[in-house]
Amino acid sequence: MNSISIAPRLWFEETLLGATLNYQSTTNPEEGVLFRVGMSFQSLIDCDNRLSHPACLWTIRDGSLSVYGDFEELTLTFCSVDGTLIQVGVSLFGEELKAFRYAVNSLASRKKVALN
């Protein structure tokens, strides 16, 4: 499957059911946490719809990812859903923000292609 790089340590991997958003919390993989958030096509469509509003607030159903911000900056908050609470945020602006918006839209649009 295809991979879409958003920012250092942040990327999407396309899956049969949608995509997985990955975030490595530190530059040293042995020290940090790798967050992997599976997003169904419906979740991608919902997120894409929220991203089109001037103020965005969207959370995936299991609480492992929240997206909030506006057209200038978005903050992605990754959160563990099992065990010890681990929460990490990353802010996107400029080219990284454009890449994230493009990736979500592109991946959400693939459901329409798959159905035809």
Original post:
So how tilted is helix 94-115 from the main axis of the chain? Cα-based, degrees 0 to 90, rounded to 10.
Top reply: 50
Original post:
P(r) for the chain: what percent of alpha-carbon pairs falls in each 10 Å bin, starting at zero?
Top reply: 14, 48, 32, 6, 0
Original post:
Between VAL81 and LEU34, what is the spin-label point distance in nm, taking each point 7 Å from the Cα along the Cα→C-beta axis?
Top reply: 1.9
Original post:
Counting pairs of alpha carbon atoms under 8 Å apart in space and at least six apart in sequence, what relative contact order in percent does the stretch 1-115 give?
Top reply: 21
Original post:
Using the alpha-carbon atoms, what tilt in degrees (0 to 90, nearest 10) does helix 41-51 show relative to the longest principal axis of the chain?
Top reply: 90
Subject >> Estimated FRET transfer efficiency when R0 is 35 angstrom, pair PHE71-SER3 (beta carbons, to 0.05) >> reply: 0.85
**OP:** Return one whole number: the accessible area per residue of the chain in Å², for a 1.4 Å probe.
**Re:** 58
Original post:
In deg cm²/dmol, rounded to 500, what helix-only [θ] at 222 nm does the chain give when every DSSP H run of at least 4 residues adds -39500 (n - 2.57) and the total is split over its residues?
Top reply: -9500 deg cm²/dmol
Original post:
Which value, in debye to the nearest 20, gives the size of the charge dipole of the chain about its Cα centre, when Lys and Arg are +1 and Asp and Glu are -1 at the Cβ?
Top reply: 420
Original post:
Once Lys and Arg get +1 and Asp and Glu get -1 on their Cβ, which of PRO8, ALA103, VAL37 lies farthest toward the positive end of the dipole of the chain?
Top reply: ALA103
Original post:
Which values of log₁₀ I(q)/I(0), to two decimal places, follow from the Debye formula for the stretch 66-116 at q = 0.14, 0.19, 0.26, 0.30 Å⁻¹ with a uniform point scatterer at every Cα?
Top reply: -0.51, -0.74, -0.92, -1.05
Original post:
If you bin every alpha carbon distance in the stretch 1-68 into 5 Å steps from zero, what whole percent lands in each bin?
Top reply: 4, 16, 22, 26, 20, 9, 3, 0
Subject >> Extension reserve of the ASN105-THR59 stretch, reckoned as 0.36 nm per residue once the Cα distance is removed >> reply: 14.9 nm
Original post:
What percent do you get for the relative contact order of the stretch 59-116 when only Cα pairs under 8 Å and 6+ apart count?
Top reply: 23
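The values are calculated or read from the model by the stated rules, or taken from the named source; none is laboratory data. Owing to the predicted nature of the structure, the values given are computational and were not obtained by experimental measurement. Cβ: placed from backbone, ideal geometry, glycine included. Neighbour counts: every protein chain shown. For the accessible areas, the whole protein counts, side chains as well, though only heavy atoms, and no ligand, DNA or RNA atoms are used. Shrake-Rupley method; radii C 1.70, N 1.55, O 1.52, S 1.80 Å.
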